[in-house]
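The structure appears right after this line, and notes come after that.
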Amino acid sequence: VWGDAANYETGHWLNGRLEGAPLDELVRAIAADFGVAGLACEGLDDFVDGYVIDRPMSLRAALEPLAALFGFGVRTGRLALAGGPRRPVASLGDDDLIADAEGRTIAATRKQESELLSQMTLGFSDAERDYRRATAISRRLAGSSERQTQGDASLVARRSAMQQLADVRLQEVWTARETVRIALASMRLDIETGDRFRLSMGEAQRVFEAQRIVDGASRVIEAKAVDDAALEAVAGDAEARYAAPPPVVGAPRIVVLDLPIARGSPTTLQYVAGFAQPWPGALAAWRRRSASDFTAERTIAARAVVGSLVDPLAAGPLHRWDRTNAFRVALSGGSVGSVEDIEALAGENAFALLKPDGAWEILAAADAVLTATKTWRLSRLLRGLGGSEDSASVAAPAGSLIVKLDESVVPLADSLDAIGAPATWRFGPSRLDHADPRYVELTATPTALSLTPLSPVHLRARRTAQGVRFTWIRRTRIDGDGWALDEVPLGEDIERYELDVLDANGFPLRTLQSDAPSALYSTEFEIADFGSPQSAIRIAIAQLSAIVGRGFVRRATLLIP
């Protein structure tokens, strides 16, 4: 049996292609509409199914989205565009370069991983699915970066082509992390902006693309590293990145979480989880910019595991296993299983539980047993994780909302200027427009909870000749899990504490400030506050933050030996 259906993607089939255009012809046609004829194009070899110019704009504004997507640019200010794989126009060695004031012929720079992208999302109109809005996501699995970017283009394309484009653009970002600055003789006019050249760096030869040229006594060139191997990747089969959407979908259930845990760079202030049955493949998050203007900012790629408590959960102990409490949960969207103790300590089987006061307790369950359809009994608990100690002291009634903390829970806000500012969002199937009635609209106000310093621990007091000396051990919000560290990172701009001396009713009598994990409560102050030396003193202590002020407070009654 013979068939050539597989050739539809890259072979000789004309169906669905006669109405498209090569990228260079599209660019020339756009330029011609603006009265610019004979635009030279080099390396613009991609194919475009369609491109929408939906309002009056300049030629530059019309071409810039295409330039960002397909990686081409102006060549030395002339009426010419260059992109794609190109041959180097020159090979440069030490004899061609002029040393700078420090004696260097090559000034090389390499960006840190934390400055680069880990995920790129491109929005487009899917030519194979009735021009529905869709997204292509490229993720870099290796590395420590957590930065993401999202773009939405008025482009009509096949999903496989956009997926390849997203992969190429993300790879280019990582390749271009290496830049050089060199100087040539002023008569070297053979290299222009957009040209590529080989540069000898030790025993290796690298290819760079000139981005900026400054002419003076010498010709200073700033260039980025390029690697055409990434551009030569062949698009794979046109498989949907998400599950095929069902014929009918309903409005999703959206849960916004303000958690005290500090994750990401910049620190995530607010998270979001989405659930729908059936799952539409992905949910898009659109943020309101004005009365009628929404911008696509997030994509929820996986369905969250959400549910409710079947049994109430009493308050629990901190910093040790809670072997007394156990509770049943009814979950939708997934399942859970038992894990080893070491896995629970590392954050596996972690849940966020909403308490009656609106705060979230983060807990982990080592044991999970299926007791009925979609119902599990969770036990052997770790309570008050990630800075949620205060919430562990509050009981949760039956019916309380619970969300499993896994990769389906994604960041929603991370900008400091978003703190305390209500934002209106619309969430719905990514293949639908944000005005569709199946979208859910809600308002979320990020808090500074994840930026709040954790409360100190191991409070001690002893009497000295000068008065009562209080001591404690600070904690950190970031990178504090390593057991081999002599001292955990500070996590704040400065080290500063405030200690309140409380009366019998818990009201502050005096506030002491300190820039070290100790404070002296002088005998003079003690007599003035209580009238005589005390055998026990109630205190409240908190670490200070330059952004949010007082952190979580630790209260204790300390005996004075």
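The values are calculated or read from the model by the stated rules, or taken from the named source; none is laboratory data. What you see is a predicted model; the values in this text were computed from it and never measured. In this analysis, Cβ positions are derived from the backbone assuming ideal geometry, glycine residues included, and neighbour counts consider all displayed protein chains. Accessible surface is based on the protein model in full, side chains and every heavy atom, while ligands, DNA and RNA are left aside. Shrake-Rupley method; radii C 1.70, N 1.55, O 1.52, S 1.80 Å.
Observations
- The stretch 183-219, residues that are within 12 Å of Ile106 (Cβ to Cβ), of a type outside the set (Lys, Arg), free of Cβ contacts under 8 Å to residues at least 60 places away in the same chain and surrounded by 16 or more Cβ atoms within 10 Å (Cβ to Cβ): Phe208
- Candidates Ile527, Ile478: the one that is of a type in the set (A, V, I, L, M), outside any strand (DSSP E or B), at pLDDT 95 or above and open to solvent by 20 Å² or more (accessible area, probe 1.4 Å) is Ile527.
- Hits in the stretch 86-121 - residues which are part of a loop (DSSP other than H, G, I, E, B) and either hydroxyl-bearing (Ser, Thr, Tyr) or under 17 Å from Val173 (Cβ atoms) (or both): Thr105, Lys111, Gln112, Leu116
- Options Arg60, Arg129, Arg55, Arg133; residue that is assigned to a helix (DSSP H, G or I), within 24 Å of Thr295 (Cα to Cα) and basic (Lys, Arg): Arg60
- Look at the stretch 167-182: where a residue is over 30 Å from Ala101 (Cα atoms) and a partner is crowded, with 18+ Cβ neighbours inside 10 Å and of a type in the set (S, T, N, Q), sitting 6+ places away or on another chain with Cβ atoms under 7 Å, you get Asp167/Ser138; Leu170/Ser138.
- Considering the stretch 47-62, the residues that are over 18 Å from Phe124 (Cα atoms) and open to solvent by 70 Å² or more (accessible area, probe 1.4 Å) include one that is modelled with the lowest pLDDT, namely Arg60.
- Failed item in (1) farther than 15 Å from Arg298 by Cβ; (2) touching a Lys or Arg at 6+ places or on another chain (Cβ under 9 Å); (3) in a strand (DSSP E or B), with Val403 passing the rest: (2)
- Matching residues, the stretch 91-121, being without any contact (Cβ under 8 Å) to a residue 12 or more places away in the chain and open to solvent by 60 Å² or more (accessible area, probe 1.4 Å): Asp95, Ala101, Glu102, Arg104, Gln112
- Residue among Thr371, Thr452, Thr443 that alone is open to solvent by 10 Å² or more (accessible area, probe 1.4 Å) and without any contact (Cβ under 8 Å) to a residue 24 or more places away in the chain: Thr443
- Screening Asn505 with (1) open to solvent by less than 70 Å² (accessible area, probe 1.4 Å); (2) under 16 Å from Arg555 (Cβ atoms) gives one miss only, at (1).
- Enumeration of residues in the stretch 257-285 that are under 23 Å from Thr149 (Cα atoms) and more than 16 Å from the chain's Cα centre (by Cα): Gly274, Pro280, Gly281, Ala282, Leu283
- Residues in the stretch 329-358 that are assigned to a loop (DSSP other than H, G, I, E, B), open to solvent by less than 80 Å² (accessible area, probe 1.4 Å) and of a type in the set (A, V, I, L, M): Val336, Val339.
- All positions within the stretch 391-406 that are within 23 Å of the chain's Cα centre (by Cα) and open to solvent by 10 Å² or more (accessible area, probe 1.4 Å): Lys404, Leu405, Asp406
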